[in-house]
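The values are calculated or read from the model by the stated rules, or taken from the named source; none is laboratory data. As the structure is a prediction and not an experimental result, all values here were calculated from the model. Please note: Cβ atoms are built from the backbone with ideal geometry, for glycine as well, and neighbour counts cover all protein chains shown.
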Amino acid sequence: MKTNIESKTKIDELFNIAVQNKASDLHLVTNQAPILRINGALRVIEGQAVLTSKEIEQILFPIISESQKQKLITKRDLDMSYEIKDVARFRINMHWEKGSLGMVARIVTHKIPKMEEIGMPEASYKLARLKDGLILVTGPTGCGKSTTLAAMINLINSERNCHIVTLEDPIEFIFEPSDSIIKQRELGSDVLSFASGLKHTLRQDPDVIMVGEMRDLETIAATMTLAETGHLVLATLHTINAAQTVDRIIDVFPPYQQDQIRVQLSMSLRGVLSQRLLIKQNGGRIAAREILINNSAVSNLIRENKIAQIKTVIQTSADLGMVTMDQDIKRLFKEGIITKESAISNMIDPRTLNI
C-alpha cells in the first residue's frame, strides 16, 4: 500500500513531466500508462507503468479533501485546482468511467501571458480598454480561451485603476494586483454558483467582472444584466464563431423572452473573439481568431434576428478590425506560420487560399 506522501510525490512527478514536455494536458486512464497532450497530439509517457483503477485512486485521493472526495463519490465528477510552487497550476477534472476513476489535468503556467505574446489582434486591445459592455471569448474546449481572458485581464490590471472580480471554476491563473484590486472567487469554495456569485458581485463595487463560463440560462441572464449596468464583463462560451455565439445566447431563453434579449444583446455586446488552436509549421500551436465588433450594422442584425448576415458584415469590415476565421487562417498560411494542409483542414471554404 502506498502512503499519502508517496502518492502525492507520484502525482507531482507526473505533473512535472507534463510541464517539462510543454504538454497542455495530462490524462490518467485505467489500464493505460499516463498520457500527455502535446501540440494537440496524445502521447504515452515513456517509462511509466500501466495504472489500475486502484492505483489511480491512490495517486489522486491524497491531493483532495474529505469533502471533495465525498463530492466525487456522490456527484461522480470533481473540478478543482492544484499547484506545485514555482512549477505550475493545474485545472483538474476527476471523473468515473466504467466504474473506474480517471483524471484530466490542464497545465496552467504561473506566468500570465501578455497579449502580444499570444498574438492578440489590435481590435482586442481596444475591446479590453472599454469601460462597459460584454466581451465574449469563444471556442471549443482546449482552444486557449482562459489564456486569452487572462491576457486581457492582465492588460486591464496594468493600465487601469479599478476593481476586478473573477468567478472561476476552478481558479487558473493567479493575478498579482498592479494598478487594480483583483479578487478571484472559485466556484464551490468561494461562491455556490456563477449566478449567485454574479448577483452578489453587484454589491461589491466592481468595475470589471470576468465569468469563467456562461453555462446556463441563469448565468447568462445575470451576465447580461451586469454588462448593461455600467460594468465591463468578460466571459466565455463553447461556440465556434460569432454568429453561433449570438444564436446560443438568444436560444437559451424561452421564446417569449427572445425579442427582449435580442434588444439587450444588441446594446450590451461589444465584441466576440472566437478562436481555435492550429499546429505551427515549426512546432507549437497558434490561435486563429474570428473577431466581431458590435457596430450599428451588427446591432441592427441582432435586433432584427438576421444573425446569418453577421458573417457578411465581418467579411467587409476589416477597417474596424473585424476578421472571419477563414480570413485569419489564410493570413497565418500566407505568413508561413502554418502549413497549407493545416489551413485547408481548418477552413470552411479552403478554395479562397487560391485567390
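On the given criteria, is Arg215 more than 23 Å from Ala123 (Cα to Cα), part of a loop (DSSP other than H, G, I, E, B) and not assigned by TED's automatic domain parsing to the domain that holds Asn93? Considered against the rule, which asks whether it is more than 23 Å from Ala123 (Cα to Cα), part of a loop (DSSP other than H, G, I, E, B) and not assigned by TED's automatic domain parsing to the domain that holds Asn93, Arg215 comes out as yes. Among the strands (runs of 3 or more DSSP E) confined to the stretch 76-164, the ones with at least 1 residues that are aliphatic (A, V, I, L, M) and closer than 23 Å to Thr324 by Cβ are located at 133-138.
In the stretch 218-246, what residues are among the small types (Gly, Ala, Ser) and not in a loop (DSSP other than H, G, I, E, B)? Step through it out loud before you land on a result.
So the first thing to find is which residues in the stretch 218-246 are among the small types (Gly, Ala, Ser), and the list is 221-222, 227, 230, 235, 242-243.
Of everything in the stretch 218-246, those that are among the small types (Gly, Ala, Ser) and not in a loop (DSSP other than H, G, I, E, B) turn out to be Ala221, Ala222, Ala227, Ala235, Ala242, Ala243.
Taken over the stretch 171-198, residues that are among the hydroxyl-bearing types (Ser, Thr, Tyr) and in a helix (DSSP H, G or I) amount to 1. Determine, yes or no, whether Thr201 is part of a helix (DSSP H, G or I), in the same structural domain as Gln260 (by TED's automatic domain parsing) and under 19 Å from the mean Cα position of the chain (by Cα). The answer is no for Thr201.
Within the stretch 130-146, the set of residues being surrounded by fewer than 21 Cβ atoms within 10 Å (Cβ to Cβ) and within 8 Å of the chain's Cα centre (by Cα) comprises Thr141, Gly142, Ser146.
I need the full set of residues from the stretch 281-318 which are of a type in the set (Asp, Glu) and within 25 Å of the chain's Cα centre (by Cα), in order please. Break it down stepwise before answering.
Just the residues of the stretch 281-318 that are of a type in the set (Asp, Glu), to begin with: 290, 304.
Within the stretch 281-318, just Glu290 meets the criteria.
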